[in-house]
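The values are calculated or read from the model by the stated rules, or taken from the named source; none is laboratory data. Please read all numbers here as calculations on a predicted model, not as lab measurements. Cβ atoms come from the backbone with ideal geometry, glycine included; neighbour counts cover every protein chain shown.
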Amino acid sequence: MALLTFDDGFREFYDIVAPVLERKGIYSINFINPCFIDNQELMFRCKASLIVDKLEKNKNINPEIYKILGSKQDINQHILQIHYSQKEILDRLAKVLEIDFNIFLKKQKPYLNFEQLNTLTRKGFGISSHSWDHPLYNELALDQQLETTRKTFQYLKENNFLYESFAFPFTDFGVNKDFFDVLFKNKELFCTFGSAGIKLDSIEKNFQRIPMETNENAGLLIKKEIAYFRVKKIANKNKIVRK
């Protein structure tokens, strides 16, 4: 038995992926960020990509860009490495470059809307939690980790989506035991998901997913994961231990 999951609630899931899966009789879960539903906001990494794209098309860079970044070296890489906690920098850069994220959202509609979420649910697809606005959890304080998770849980419950599960945005690497201890006091929460491949976890209800973001054949990738797990098991390093 396998669970097929998708992340981030992008519209392509509704337009392209879901119809293909439905024809094959396969159903999956899409872990969403409620902040972005109905194209109300754009995830900070997506903002960074739009900014870099604009810079690559411009031969002359506004000196104000260097001032905001505090550097003239590798500015594209610098922008792509901006953290969640620094995301206001992206809005400042966009203003200088005359990039309007709201116009982009209105025209491109990259995310699912509420009606599409309900349609997917009626068809048999699951909609569940991926945090409120896609932060990297190991960069957040414990109270921030819990706030973004609980806020999403409440949204899903109020709108009759799947609120019993949660998948970490980016990764669960560096998330301490304290977070899980508090989170699982909510008895309605069944499990959480990381994305570290085939591994055991000292948190029994935290399951690791196999990322499939490369162009590698899925069957071959799974075989590699199984082989790697067995090798790590010999050295007793096939389990994530949280402190």
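Of all residue pairs spaced 6 or more apart or on separate chains, those with beta-carbon atoms under 6 Å, a first member in the range 219-238 that is without any contact (Cβ under 8 Å) to a residue 60 or more places away in the chain and a second member that is of a type in the set (S, T, N, Q) and in a loop (DSSP other than H, G, I, E, B) are 229/238; 232/238. Scanning the range 1-27 for residues that are touching a residue at least 24 places away in the same chain (Cβ under 8 Å), in a loop (DSSP other than H, G, I, E, B), surrounded by fewer than 18 Cβ atoms within 10 Å (Cβ to Cβ) and touching a helix residue (DSSP H, G or I) at 6+ places or on another chain (Cβ under 9 Å) returns 4, 11, 27. You will find that of 62, 76, 33, the residue that is touching a residue at least 12 places away in the same chain (Cβ under 8 Å) and either in the same structural domain as residue 165 (by TED's automatic domain parsing) or under 30 Å from residue 121 (Cα atoms) (or both) is 33 and no other. Give the residue that is modelled with the lowest pLDDT, with candidates limited to residues of the range 206-224 that are of a type in the set (A, V, I, L, M, F, W, C) and out of contact with any helix residue (DSSP H, G or I) (no Cβ under 8 Å at 6 or more places or on another chain). Once the filter is applied, the top-ranked residue is 218. Screening 131, 85, 71 for residues that are in a loop (DSSP other than H, G, I, E, B) and either in the same structural domain as residue 192 (by TED's automatic domain parsing) or touching an Asp or Glu at 6+ places or on another chain (Cβ under 7 Å) (or both) leaves exactly one candidate, 131. Applying the selection to the range 57-85, what residues are charged (D, E, K, R) and within 28 Å of residue 169 (Cα to Cα)? Within the range 57-85, 74 is the sole residue that qualifies. Restricting attention to the range 88-128, the residues that are touching a strand residue (DSSP E or B) at 6+ places or on another chain (Cβ under 7 Å), farther than 14 Å from residue 43 by Cβ and either in contact (Cβ under 8 Å) with a residue 60 or more places away in the chain or not assigned by TED's automatic domain parsing to the domain that holds residue 144 (or both) add up to 6.
Search the range 153-173 for residues that are within 21 Å of residue 212 (Cβ to Cβ) and pair each with any residue that is of a type in the set (Phe, Trp, Tyr) and assigned to a loop (DSSP other than H, G, I, E, B) when their beta-carbon atoms are under 7 Å apart and the residues are at least 6 apart or on different chains. Partner pairs satisfying both residue conditions: 165/190.
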